[in-house]
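Any read-out appearing in this document is the output of simple, stated calculations on the displayed coordinates, not a laboratory observation. This is a predicted model, so every value here is computed, not measured. Cβ placement follows ideal geometry from the backbone for every residue including glycine, while neighbour counts extend to all protein chains displayed.
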Amino acid sequence: MEDKKILSVENKEEKVVNMKENIFNATDFSRFTSHFSPKRTGTTHVALCDSVGSYFRHWCGAFTLAEVLVTLGIIGVVAALTIPTLMANHRKKVIATRLKHFSSVWQQAYISVNNQNGDENYWGTLVAGDADSALQFYKENFGNYIQTTEIQKSKYGIVASLKNGSGFYFYRWDGQAETSGRTYLTFCPYYKDCIELADKTNLVAGENISDGKTSFSFYMTGQAPAYGVGNNRDRMKNECKSGVKGYCTRLIEFDGWEIRNDYPIRL
């Protein structure tokens, strides 16, 4: 009788061991939970509905490798289509904002100099195409009102950088009469463009140096060139596209210091 009892106990223990082995072989350890979960034959998913924790429950079924790759591919295509547009719009905003700021600051400085020194004819001599003359004229008149981080002489005038990363090229055109209409400012939303511009400019020949993309023209008054176009937007646009690029500044100013979608030059 005792032998039968011992045999019965041994059989029960053996069954329990076999049951544990079967359970272990039929389960996977989930990377998302701390317990074993039943296997599902043929599945390649990362996690199963009944093996994930509550935080990941919404990932029920998860994704196959192919699904992940397709999703990443779609994201890549969307990014390739949208990022250039976002960058272009950001560049437009930066250019327009800096143009507006420069025009405002320079006009205020011009008014201050005019109040201090009187009529522009008494501001001193600014010789056309002469860097030393341009530097002296600038310092004596605008130096106290325009905050620059660097000023250097170029072939025909001076190039200065501003705190926000922009810059300007100050010069007199062509040896013409000394009026504000012949003294020009070329503003560059990015200072390095003014450096490059000053190195290659042939001002003595009266070259129209602004391009409406990296450089923009102003009079010494801080106003955008508007002679001949007035408030005719179509004419501003046409001139900016294929005529006098100095009118590109006027077009942006006319549009409320905004670069609209129909701006004729690609930025």
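Among Phe254, Phe168, which comes first, then next, by fewest other beta-carbon atoms within 10 Å?
Details: Phe254 19, Phe168 25.
By the 10 Å Cβ count, ascending, the order reads Phe254, Phe168.
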Report the local net charge at Lys93: Lys and Arg +1, Asp and Glu -1, summed over other residues whose C-beta lies under 14 Å from its C-beta.
+3
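In segment 210-267, what trypsin sites (Lys or Arg not before Pro) fall in a loop by DSSP, with at most 10 other Cβ atoms inside 10 Å? Can you show the working numbers first?
Working: sites: Lys213, Arg233, Arg235, Lys237, Lys241, Lys245, Arg250, Arg260, Arg266; in loops: Lys213, Lys245, Arg260, Arg266.
Answer by residue number: Arg266.
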Cα-only Debye scattering, segment 97-254: base-10 log of I(q)/I(0) at q = 0.16 Å⁻¹
-0.85
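For the pairs Lys153/Lys237; Lys92/Lys155; Lys100/Lys213; Lys93/Lys155, note any where the Cα-Cα span goes beyond 27 Å. If you can, show how the numbers build up before the last one.
Working: Lys153/Lys237 33 Å; Lys92/Lys155 30 Å; Lys100/Lys213 15 Å; Lys93/Lys155 31 Å.
Going by Cα-Cα distance, Lys153/Lys237; Lys92/Lys155; Lys93/Lys155 fall outside the 27 Å limit.
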Between Gly167 and residues 5 or more places away or on another chain, the pairs with built amide H atoms under 5 Å apart involve Leu162, Cys188, Tyr190, Tyr191
What distance in nm separates the two pseudo spin-label positions at Asp255 and Glu67, each 7 Å out from Cα along the beta-carbon direction?
4.6 nm
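Counting other C-beta atoms within 10 Å, which of Val127, Val77, Val229, Val113 has the fewest, and how do the rest follow?
On the way: Val127 14, Val77 10, Val229 23, Val113 19.
Fewest to most other Cβ atoms nearby, the residues stand as Val77, Val127, Val113, Val229.
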